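The values are calculated or read from the model by the stated rules, or taken from the named source; none is laboratory data. Every value quoted in this text rests on a predicted model; they were computed, and no experiment measured them. Glycine also receives a Cβ, built like all others from the backbone with ideal geometry; neighbour counts cover every protein chain displayed. Accessible surface is based on the protein model in full, side chains and every heavy atom, while ligands, DNA and RNA are left aside. Shrake-Rupley method; radii C 1.70, N 1.55, O 1.52, S 1.80 Å.
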Amino acid sequence: MSTPAFRYIVRIAGIDIDGNLKVVHGLSKIKGVGVTLAYALCRTLGIDPEKRIGFLTEAEVKRIEDALSNPKALGLPSWLLNRRKDYVTGEDKHYVGADLIMVVREDIERLKRIKCWRGIRHALGLKVRGQRTRTTGRTGITVGVKRRKR
């Protein structure tokens, strides 16, 4: 069995990934996949995390995509997933890419609709998580200090 040909760009989960990156760091370029989840996927799928993405075979890429679509089927713990106790279904789920962006947008719209504190802060464009706003997070025209007349 010969080594597979090197590919400079590999498409996984709808994202083009540089083939020169190692598998773990390449997978972490996908929105919704961090380094910890990437290491866990590599361990459970039996893929060397130090291998370059460009050397992955089509079968390995397919296994990675299947694992990303349903990581609970691999037996990964629920704390690795990014959507535990979903608001609608109550299940533990994991979203990647455009699905993750859409779900987060729906959450923010729900918060705005019920007019809770976080929703109001989102609607006003202010900081949501209790940060200070007196000096940081300022937007708009900057106002300088006037010099006194001599």
Under the rule of -39500 (n - 2.57) per DSSP H run of 4 or more residues, summed and divided by the residues of the chain, what mean residue ellipticity at 222 nm is obtained, to the nearest 500 deg cm²/dmol?
-10500 deg cm²/dmol
Could you give the accessible area per residue of the chain, probe 1.4 Å, as a whole number in Å²?
74 Å²
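So, by mean Cβ neighbours within 10 angstrom, what's the order for 59-68, 79-88, 127-136 with the highest one leading?
59-68, 79-88, 127-136
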Once amide hydrogens are built 1.01 Å from N within the peptide plane, the residues lying 5 or more places from H94 or on another chain with amide H under 5 Å from its amide H are none
How many percent of Cα pairs in region 33-150 exceed 24 Å?
52 percent
Inter-label distance, nm, simple model (7 Å from Cα along the C-beta direction), K115/V35:
4.5 nm
Quote the relative contact order of region 1-83 in percent (integer), defining contacts as alpha-carbon pairs under 8 Å separated by 6+ residues.
30 percent
Quick check: Cα centre of region 62-92 to Cα centre of region 99-135, how many Å?
25 Å
Length-normalised contact order for the chain - Cα pairs under 8 Å, 6+ apart - percent
16 percent
How large, in percent, is the carbon and sulfur part of the accessible surface of the chain at a probe radius of 1.4 Å?
53 percent
Net charge of Cβ neighbours under 9 Å - reference D92; Lys, Arg +1; Asp, Glu -1:
+3
List the lysines whose Cα sits under 25 Å from the Cα of K22, skipping any in the same chain fewer than 8 residues away.
K31, K51, K62, K72
